[in-house]
Every structure is written in C-alpha cells, then in structure tokens.
Amino acid sequence: MKKLLILPAILFLFIAASPSETGFKVGDKAADFNLKNVDGKMVSLAGLKNNKGAIVIFTCNHCPCSVAYEDRIIALHNKYAAQGYPVVAINPNDPVKSPDDSFEAMVVRANEKKFPFPYIYDVDQKVASVYGAVRTPHVFVLTREENAYNVTYIGAIDDNTYEPENVQTRYVEQALDEILAGKKVTTNFTKAIGCTIKWKS
Amino acid sequence: MKIKITLLFLFFLFCINLRGNAQSVEIVKWDYIENLMNQKSDTLYVINFWATWCAPCVKELPYFDRLAAENKSAKLKVILISLDFKKQLESRIIPFVKEKNIQSKVVVLDEPNYNSWIDKVNPEWSGAIPATLIVGGTTTTPLFFEKEFIFTELNEIVKPLIK
C-alpha cells in the first residue's frame, strides 16, 4: 500500500521539477541560489558584496551562440561589476546529454578565457527551471532592493550574435544604463535564437 | 602516368557525384518566410528552423526528409531554414547538406536581429531551436512547435493536414 502512495508522490515531484513553462517575468522577485563555482566555492546572490544587482546569464560551453558571446559577457562584467552589477554565469545543461558542459569542462573553459566572473553549475537544473531559462545564452538582469532582487530585464545580450561589429542595440547595456540613471527600462524583454537547455531525461 | 590517369578519373567521378547530389542553398531574408506564411495555395508547408550546430535539430532532420519522401505525390513541401552564420555557407552549411544527403529544400535565413522576427513566426517561440511551423494545407491557423520531433509524432501531426 505504501508503495502505491509513493509512486504518485514521485510522479508529482517529477512534474513539479520539470522545466516550467512560466518562470520569472519582468517585475517578479528573483529567487536566490547557491551553486558551485569553477573555483570550488559556492556562489549565491546573498554572498555578493557591495552590489546593486546582478547580470545573471544562463550559458554553457558547447553552444555556438554562447561561445559567440563569451568576450561580450567578459566586457559586460568589466564595465558593470564596478558599478554594482557583476555577471553571474550559470551553466544549466545536463552533462549526460551535453558532455562538453560538464563541471570539469566548465573549469577548463573558465581558465582558458580567464572569466573574471563566477561560472557556476546548476547541477540539478532547478535554478534554470525556476527562472524560466529556456535557451543559452539567456540573460536576467536583477536589481537589488535591500535583500530582495527584482527581475528588471529578460532576454538577449544584443541584436547580433555572430557579428559583434554590426550590433545596433546592446539590450543589456541599455537596460543597465537606464537602471543606473534611475530611469525605467524601456526594452525589458527580448528574444534571440539560441540552443535549447539540455534537460535531464 | 598511370597514377595520374587514375587520379584524373577519380576526380572526374567525384565531380559527377557532386553534380548528382548537390542542391543549391540560397541565402534568404525575412520576406521569404513571410511569403510562405501568407501563401494561399493548397500546399502544406512544413518549415523547420535548425542549424548545423544544433544537435537535436541534426537528429530530427532525417525525419523531415522521410516525411517528404513518403508523401512525394502529395501537396506537401518541406523547407529547412538554417539559422547558421551566413558566412559559413560554403565552409560548413553546403558541405553538411551534401554529407547528410539532405533532399528537402535548405535555405539560410540572414536576419541577425532575431528579436525583430521571432514573434512574427509565433509569439510563443522563445527562440530555442529546433522549432517547426506548419502552414497551408487544411490548417486554418499556422501550427507551431518548439520541440524536437520523432518521426511517428511528426507524421501523425502532418498527415491529416495534407489536402
């Protein structure tokens, strides 16, 4: 009898933990996380120091769209960390489905590119699921209000993945410049072509 | 001398082989998709968004070719819209199409400002690929799928939509 009860409970847990269709929308309160960084230390929003927010980017090693943006993500961090908005990069991919996105491979890539920001591993994919990340790269700009974080921008980094020299609008920079100027973010949601998140089967 | 002749012969065979299989891959702009979406013929268009770098896309590509092959005499057209970087047309996309022996029509969409057109394909689309749009045939409104298909599922969806 006990077993009969356990099965639906497991099924329910499975459904509840599967990628959410909804996720966060602009204006929602963002959830904190506590995930292992490539240096072995745990990283959380609460653990960030002297910050006004964070640029949370779901990204990974293998996706060419993510790779195309690596240098621009480094530049974002270098420009905005000092102004209170550091980049926190999160790899949500299942290493069984995408071996190039294993924790070990993350360490290698972070060292090769000398990432100046944390590159953390969403090992059970819960953070990507709760945030509603669906592709890589997928950006969530968070602004801090005391100890809470508001989702202020969701979307792409800019409007040209493969040709940085032909970018017309830098969405994330535009949003951050407006936030830093105390203005309302005019474009707070954009879409881009990207790789699917490789969910565990 | 013999070797030279053999090499020449092999090269000749290679050229014939290329001519036999190769399909031309065009670079298109947004209006190409817009025209497909607005077409008023009886033909059912199965439009798949993919890229050579997208593993789940590459996995499902043969199913689209099989769908077309099994419905050769029906009013069905499969169009594979590559979202690869257009500069890789000669170095990557055309060799890929040849190597995989893709029979369906392949075009490369050159519209780097993704945010300007993703919603026009379907507002529900997040931008992740593979994604498939089905228009025409017996459909009343376009059908959109942001997912990876297996053949049976694709076939079950498409079959009743053919006029």
Test result for residue B:91, more than 14 Å from residue B:61 (Cα to Cα), of a type in the set (Ser, Thr, Tyr) and either out of contact with any helix residue (DSSP H, G or I) (no Cβ under 8 Å at 6 or more places or on another chain) or touching a residue at least 24 places away in the same chain (Cβ under 8 Å) (or both): yes
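Taking residue B:119, is it of a type outside the set (A, V, I, L, M) and touching a Lys or Arg at 6+ places or on another chain (Cβ under 6 Å)? Before you say what the answer is, go through the steps one by one.
Details: of a type outside the set (A, V, I, L, M): yes; touching a Lys or Arg at 6+ places or on another chain (Cβ under 6 Å): no.
No.
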Condition check for residue A:71: assigned to a helix (DSSP H, G or I), within 14 Å of chain B (Cβ to nearest Cβ) and acidic (Asp, Glu): no
Tally time: how many residues in the range A:178-195 are crowded, with 17+ Cβ neighbours inside 10 Å and more than 20 Å from residue A:133 (Cα to Cα)? 3
The range B:37-66, residues that are away from chain A (no Cβ under 14 Å) and more than 13 Å from the chain's Cα centre (by Cα): B:37, B:38, B:39, B:40, B:41, B:42, B:43, B:44
The correct count of residues that are more than 18 Å from residue A:165 (Cα to Cα) and in contact (Cβ under 8 Å) with a residue 60 or more places away in the chain in the range B:101-115 is 8
Considering every residue within the range A:93-102, establish whether at least one is within 16 Å of the chain's Cα centre (by Cα), at negative phi and hydroxyl-bearing (Ser, Thr, Tyr). no
Hey, can you tell me all the residues within the range B:128-150 that are more than 13 Å from residue B:48 (Cβ to Cβ) and in contact with a Phe, Trp or Tyr (Cβ under 6 Å, 6 or more places away or on another chain)? B:136
Would you mention how many residues in the range B:113-147 are in contact with a helix residue (DSSP H, G or I) (Cβ under 6 Å, 6 or more places away or on another chain) and surrounded by fewer than 19 Cβ atoms within 10 Å (Cβ to Cβ)? 3
Could you tell me whether residue B:69 is more than 14 Å from every other protein chain (Cβ to nearest Cβ), within 23 Å of residue B:41 (Cβ to Cβ), within 14 Å of the chain's Cα centre (by Cα) and not β-branched (Val, Ile, Thr)? yes
Condition test on residue A:76, is it under 16 Å from residue A:54 (Cα atoms) and either more than 13 Å from the chain's Cα centre (by Cα) or part of a helix (DSSP H, G or I) (or both)? yes
Hey, does the range A:101-123 have a residue that's within 14 Å of chain B (Cβ to nearest Cβ) and of a type in the set (A, V, I, L, M)? no
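Rundown of residues vs (1) surrounded by fewer than 18 Cβ atoms within 10 Å (Cβ to Cβ); (2) away from chain B (no Cβ under 14 Å); (3) touching a Ser or Thr at 6+ places or on another chain (Cβ under 8 Å); (4) modelled with pLDDT of 95 or more, yes/no style:
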residue	(1), (2), (3), (4)
A:135	no, no, yes, yes
A:141	no, yes, yes, yes
A:146	yes, yes, no, no
A:151	no, yes, no, yes
A:161	no, no, no, yes
A:171	no, no, yes, yes
A:176	no, yes, no, yes
Quick one: would you say residue B:19 is at pLDDT 95 or above and among the charged types (D, E, K, R)? no
Residue that is surrounded by the most Cβ atoms within 10 Å (Cβ to Cβ), among those in the range A:103-133 that are among the hydroxyl-bearing types (Ser, Thr, Tyr) and more than 16 Å from residue A:196 (Cα to Cα): A:119
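The values are calculated or read from the model by the stated rules, or taken from the named source; none is laboratory data. What you see is a predicted model, and the numbers here were worked out from it, not measured in a lab. Because the Cβ atoms are built from the backbone with ideal geometry, glycine has one as well, and the counts that use them run over all protein chains shown.
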